[in-house]
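Visitor: So that we are looking at the same thing, I have put the structure below in structure tokens.
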Amino acid sequence: MKEIISHLRGAVMSTLVLAAVCCGLYPLIVFGIAQTVFRDRANGSLIVGKDGIVRGSKLLGQNFTGEKYFHPRPSAAGNGYDAANSSGSNLGPTSQKLSDAIKERIATYRRENGLKDTDPVPADAVTASGSGLDPHISVRNAELQAARVAKAQGQSPEEIRALIRRFTEGPQLGVLGEPGVNVLRLNLALEGP
Amino acid sequence: MQTSGWIQLALYMVALAAITKPMGLYLLRVLDANGRTWLDPVLGPLERLTYRLMGVKPEREQDWKQYTLAMLIFSLVGCVFTYAILRLQNILPLNPQGLGALSPDLAFNTAVSFTTNTNWQSYVGETTMSYLSQMVGLAFHNFVSAASGIAIAAALVRGIARHSAKTLGNFWVDLVRVTYYLLLPICLVFAVFLVSQGMIQNFKPYTKAKLVEPYKISVEKKNNNGETVLGTDGKPVMVEQTVDEQTIVQGPMASQIAIKMLGTNGGGYANANAAHPFENPTPLSNFLQMLSIFAVGSGLTYYLGRVTRNQAHGWAVWGAMMALFLAGVLACWWAEAAGNPIHQKLGVALADGNMEGKEVRFGIFNSALFATVTTAASCGAVNAMHDSFTALGGLVPLFNIELGEVVVGGVGAGLYGMLVFVVLAVFIAGLMVGRTPEYLGKKIQAYDVKMAMLSLLVLCLSILGFTAWVSVSKWGLAGLNNAGPHGLSEMLYAYSSGTGNNGSAFAGLTANTPWYNTTLGLAMLIGRFLMIVPIMALAGSLGMKKIAPPSAGTFPVSGLTFVILLVGTVLLIGALNFLPALALGPIVEHFLTAQGKLF
């Protein structure tokens, strides 16, 4: 019994002290450094318009459906690209629901971008990401959409392709990860400076 | 399976091998009560002050019962501490979104989940947890559950190395020293690095962004009480709504994610965990997060070699872990790169693999590697949704957990789990040649084998017992997101993850119900503490034994023969326990996918 009481004192005091250090001091030091050295990133890498209005984050995707914009991947986050409700579809390989959705997305993608019924469609264009907020599409996916966007924007396909190259990110350090085109930044650039 | 993937895999293996020895040497100093580190001038006074407040005499060592009791009482107090914060969240500070208190069952599940280093999450982080709950209620356990795990592993290693000894060290000293000298300094550097990659660290309320292109959605009409309005046909009335804003999550994320990875906790700040662009902004942040998951567990194998004065044994254990690990990575990568034939028949490009639930910046390879790393260690963070993996791709993380997460494993938990298999492997080898088995000069006797088997049987019983129960219960089936064999996989994964203290999920399962929360909570408690107690008994028993000099009949615990025997023991026990259940889930699903069968 005496042993248990002495352990209890150790447990309660260590909980308080370690919480103060690990959950008070430590996050505040990180906060201080982050806000001094990486202010923009520590606050969400926000894209702010000239009028001071926040248009989104460089790291987060947004929904686009109009033909003059590049379309992001399908999203399962809330009603689509809900950045306070990140989620994947969590549908499995034998899911009827997923299969039906992919079938419909493939048909839409081919129709919108003038592909033949036998043309393969990039996987990222018809599948939802894990976060539902994926900011990127594959380079192949962007190139397939380029002609449609160029026509709707009244720009030449070459100009659009140059923009795609400009907003292609990765692989990082030349080897890590896969290249991807940042859809929000690309579409904002289409809007003009 | 592209060349870029092979290069990244090679980079990862080289980096891991390179940090193992330095980490092991540093652990040697941290886990020695009188060890010196270059942080002593800063942390020494803090360490001594902490002991004084706790009333602990650091030089006084404990026997296995005192050590275990201290750990259990500490866990209980921490669990109550977090439960209280979660239940009182609505009246506590740092809650700019005004989030409400958690229900009793969810608070119980979450408090247990973080206390046991599981980090199973029945909730959606960004819409449930206030900044205080994340930063104090949850991150506290990210530190101390990891430190406790390392402490237990150290106690077991001491038991193996010492002879005719009653004591195994002092739990409080191990806890405090690991937290201060190992976890905090690394996390401080790591968290700042993560911010440099784009991870957030602030206390602002969520940001509203004005969408570039507003769009319309149709939602169910609700009346003033928030109930769905039904039309004359009994179906919900749908109304159109324009979405013109995006709410962007904010908060003190980086400080928590650093320890979430290093401590193999895995509990995401946001629901999508390390798939969320804020929580894992770049492939480099992804690479270092994967490396930090394995860092301590890998270093502990070197620590084992040093303390037992048999470095070849330490590397042999590491080698067995790496053999199992590489087999898992390659199988998972191959399955995901091959993709889903059902979707490919519809027109998805063959070369792209299975991208459902994966991020473009990581691609197939980094998603498969992360899934294998996070389940080989008992981390449970995910950068892709395991539920949407192909049948065989999803089998790898599931089987990893069921093997007991001994492939590097959770910080501490991996090593002590693997040492149980070492004891069994030595025992089996002894039976085969008809001699009394020895491990590093100590006779392995009936009591030791009983304790080792007990800790393994408890896991198997909890996983299969609970899964069997839910799969015939109404409340269990109501939570499923997928039908057919994949539904069984969702349930099997949940209880494997809970019992194995992993925390990843086939996340389609709706587990935030009183029944699931409670049973998963129990599974997590069983998996953590009913495993630790027999292991500590084993440590106590080994510590008291005398060491006999090696003879011609001594089975060497290093070299290829030992590695093969150890890997064989792990696989044999895992397969005997879980193959029947796996055959009904992912294995049958694989064949059904090939036939194009849908549910």
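Visitor: So what are the ³J(HN,Hα) numbers for the stretch A:111-118, from phi and the Karplus equation (6.51, -1.76, 1.60; θ = phi - 60°), rounded to whole Hz, Gly and Pro as x?
Guide: 5, 5, 9, x, 8, 6, 5, 9
Visitor: Give me the one-decimal Kirkwood hydrodynamic radius in Å for the protein assembly as shown, with the sum taken over alpha-carbon pairs.
Guide: For the protein assembly as shown, the Kirkwood estimate is 26.9 Å.
Visitor: Once R0 is set to 56 Å, what does the formula 1/(1 + (r/R0)^6) return for the Cβ-Cβ distance between A:Glu67 and B:Asp40, expressed as a FRET efficiency to the nearest 0.05?
Guide: 0.30
Visitor: Further question on the same structure: Cross-link partners among lysines for A:Lys103, C-alpha distance below 24 Å, same-chain residues fewer than 8 apart left out?
Guide: Within the straight-line limit of under 24 Å, A:Lys103 reaches these lysines: A:Lys68, A:Lys116, B:Lys216, B:Lys345, B:Lys358, B:Lys597.
Visitor: The stretch B:411-595: D in µm²/s via Stokes-Einstein (Kirkwood Rh, Cα pairs, 37 °C, 0.692 mPa s)?
Guide: 180 µm²/s
Visitor: List the residues of the stretch B:142-163 whose backbone N lies under 19 Å from a point placed 7 Å from the Cα of B:Leu94 along the Cα-to-Cβ direction.
Guide: B:142-146
Visitor: Is the stretch A:71-118 best put as rounded, prolate or oblate by its Cα gyration tensor, with a ≥ b ≥ c the root eigenvalues, rounded for a/c under 1.5, and otherwise prolate when a/b is larger than b/c, oblate when not?
Guide: oblate
Visitor: For the residue pair A:Gln96 and B:Ile217, what label-to-label distance in nm results when each label sits 7 Å from Cα along the Cα-to-beta-carbon direction?
Guide: Taking the two extended label points, one gets 2.5 nm.
Visitor: Turning to a different aspect of this structure: Cα-Cα over 27 Å: which of A:Lys2/B:Lys166; B:Lys260/B:Lys442; A:Lys58/B:Lys204?
Guide: Cα-Cα > 27 Å for B:Lys260/B:Lys442; rest within.
Visitor: Can I ask one more? Take the Cα atoms of the stretch B:490-585, build their convex hull, and give its volume per residue in Å³.
Guide: Dividing the Cα hull volume of the stretch B:490-585 by its residue count gives 136 Å³.
Visitor: Kirkwood Rh over alpha-carbon pairs of the stretch B:197-246, then Stokes-Einstein at 10 °C and 1.306 mPa s: what D in µm² s⁻¹, rounded to an integer?
Guide: Estimated via Stokes-Einstein, D reaches 113 µm²/s.
Visitor: Now, a different point. In a shell of Cβ-Cβ distance under 13 Å around B:Val557, excluding B:Val557 itself, what net charge do Lys and Arg (+1) and Asp and Glu (-1) give?
Guide: Every neighbour counted, the sum reads +1.
Visitor: Say each of B:Met13 and B:Lys546 gets a label point 7 Å from the Cα, pointing the same way as Cα to Cβ; how far apart are those two points in nm?
Guide: The two pseudo-label positions are separated by 4.5 nm.
Visitor: For a quick check of your reading of the filter: which trypsin sites (Lys or Arg not before Pro) in the stretch B:1-109 sit in a DSSP loop and have no more than 12 other Cβ atoms within 10 Å?
Guide: Loop-located and lightly packed - B:Arg36, B:Arg60.
Visitor: Counting only other chains, what is the mean number of Cβ atoms within 10 angstrom of the Cβ of each residue in peptide B:5-13?
Guide: Per-residue shielding by partner chains comes out at 1.
Visitor: Take the Cα of B:Val189, step 7 Å along the line toward its Cβ, and report every residue of the stretch B:6-42 whose backbone nitrogen sits under 17 Å from that point.
Guide: Flagged as within label range: B:15-30, B:37-42.
Visitor: If you take each beta carbon of peptide B:49-55 and count the beta carbons of other chains within 10 angstrom, what is the mean?
Guide: For peptide B:49-55, the averaged partner shielding equals 5.
Visitor: Pop the C-beta distance of B:Ala323 and A:Leu28 into the FRET formula with R0 = 56 Å and round what comes out to the nearest 0.05.
Guide: Using R0 = 56 Å, I get an efficiency of 0.80.
Visitor: Which percent of Cα pairs goes in each bin when the distances of chain B are cut into 20 angstrom slices starting at zero?
Guide: Result returned by the calculation: 20, 55, 22, 3, 0.
Visitor: Among A:His7, B:His141, which comes first, then next, by fewest other beta-carbon atoms within 10 Å?
Guide: Arranged by neighbour count, lowest to highest, A:His7, B:His141 become A:His7, B:His141.
Visitor: From the backbone phi of the stretch A:88-98, what are the Karplus-calculated ³J(HN,Hα) couplings (6.51 cos²θ - 1.76 cosθ + 1.60, θ = phi - 60°) in whole Hz, Gly and Pro given as x?
Guide: Computed from phi, the couplings for the stretch A:88-98 are x, 6, 6, 8, x, x, 9, 7, 4, 4, 5 Hz.
Visitor: Tilt of helix B:64-87 relative to the longest C-alpha principal axis of chain B, in degrees (0 to 90, nearest 10)?
Guide: 20 degrees
Visitor: Let me ask something additional. Work out the mean other chain Cβ neighbour count within 10 Å for the residues of B:262-272 and drop it here as an integer.
Guide: For this peptide, the per-residue mean of nearby foreign Cβ atoms is 3.
Visitor: Here's something else I'd like to know. As an exercise, identify the trypsin sites (Lys or Arg not before Pro) in the stretch A:95-154 lying in DSSP coil whose Cβ has no more than 16 other Cβ atoms within 10 Å.
Guide: Loop-located and lightly packed - A:Lys116.
Visitor: Given points 7 Å out from each Cα along the Cα-Cβ axis, report the B:Leu76 to B:Ser103 separation in nanometres with one decimal.
Guide: 2.8 nm
Visitor: Could you calculate the contour length gain from B:Val472 to B:Phe591, that is, 0.36 nm times the residue separation minus the distance between their Cα atoms, to one decimal place in nm?
Guide: 40.4 nm is the gain from fully extending B:Val472 to B:Phe591.
Visitor: Further, regarding this structure: Placing unit charges on C-beta atoms (Lys and Arg positive, Asp and Glu negative, everything else neutral), compute the dipole magnitude of the protein assembly as shown about its Cα centre in debye, rounded to 20.
Guide: Rounded to the nearest 20 debye, it is 1760 debye.
Visitor: Follow-up question, since we're still on this one. Can you tell me the order of A:24-34, B:350-360, B:555-565 when each peptide is scored by its average per-residue count of other Cβ atoms within 10 angstrom, highest first?
Guide: Result, highest mean Cβ count within 10 Å first: B:350-360, A:24-34, B:555-565.
Visitor: Let me ask something additional. Using a Förster distance of 41 Å, how high is the FRET efficiency between B:Thr518 and A:Ser6, based on the Cβ-Cβ distance and rounded to 0.05?
Guide: So, using R0 = 41 Å, E works out to roughly 0.80.
Visitor: Per the helix-only calculation at 222 nm, which mean residue ellipticity applies to chain B, given -39500 (n - 2.57) for every DSSP H run of n ≥ 4 and division by its residues, nearest 500 deg cm²/dmol?
Guide: Roughly -19500 deg cm²/dmol at 222 nm, from the helical runs in chain B.
Visitor: Compute, for chain A, the length of the dipole vector about the Cα centre, with Cβ point charges of +1 (Lys, Arg) and -1 (Asp, Glu) only. Units Debye, rounded to 20.
Guide: Approximately 180 debye in magnitude.
Visitor: Still on this structure: Rank A:Asn187, A:Val139, B:Val80 by how far each Cα sits towards the positive end of the charge dipole of the protein assembly as shown (+1 on Lys, Arg Cβ; -1 on Asp, Glu Cβ) and give me just the farthest.
Guide: Result: B:Val80, furthest along the dipole toward the positive end.
Visitor: When chain A is treated as a GNM, springs tying every alpha-carbon pair under 10 Å, which of A:Ser75, A:Ser45, A:Ser57 comes out with the largest mean-square fluctuation?
Guide: Per the Cα network of chain A with a 10 Å cutoff, A:Ser45 tops the list.
Visitor: Give the separation of the Cα centroids, the stretch B:198-222 to the stretch B:526-599, in Å.
Guide: Value for the Cα centre distance between the two parts: 47 Å.
Visitor: Something else: What are the ³J(HN,Hα) values, in whole Hz, obtained from phi via the Karplus relation 6.51 cos²θ - 1.76 cosθ + 1.60 with θ = phi - 60°, for each residue of the stretch B:204-210 in sequence order, with x given for Gly and Pro?
Guide: Ordered by residue, 3J(HN,Hα) equals 6, x, 4, 8, 9, 10, 8 Hz.
All of the numbers you see were taken from the coordinates with simple rules; none came from a lab. What you see is a predicted model; the values in this text were computed from it and never measured. Note that we place each Cβ from the backbone using ideal geometry, even for glycine, and neighbour counts take in every protein chain shown.
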